[in-house]
1. Stokes-Einstein diffusion coefficient for region 55-115 at 37 °C in a medium of 0.692 mPa s, Rh from the Kirkwood formula over Cα pairs: what value in µm²/s?
2. Would you kindly derive the ³J(HN,Hα) couplings of region 35-51 from the backbone phi angles with the Karplus curve 6.51 cos²θ - 1.76 cosθ + 1.60 (θ = phi - 60°), listing them in order in whole Hz, with x for Gly and Pro?
Amino acid sequence: GLGLGDASPDEGVVEDLPLIDEKAVEQLTEGLISHYLPDLQRSKSALQELTQNQVVLLETLEQEISKFKECNSILEINALFSEAKHYHNKLVNIRNEMMMIHEKTSKLKVSGINI
């Protein structure tokens, strides 16, 4: 008879496995794909639409940011003009004071007082 050591460890395993029917596998695969594919395609188109909307949103945000930058630049320019006007007024006042001083010194010279 056969001893324990003579039996192959894989003996009987091959007989236990059912034969794989390629046609059945193909049909099951097609069934699985046809079940999930429509949902996946809908998800894909929804994601594409979402991505396009995000691109539009980003472009809109960039336009708004550039508008804010322009507004900020206009405010800075207005501040510069205000500052320039302020310093121009100071210069006009200094010039007027210098002209008054010049007139006074001219009158003093005419009066015979040397400065």
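1. 206
2. 6, 9, 4, x, 4, 5, 5, 5, 4, 4, 5, 5, 5, 5, 5, 4, 4
Bear in mind these aren't lab numbers, they're just calculated from the coordinates by the rules spelled out. The model shown is predicted, which means the values in this text are computed figures rather than measured ones.
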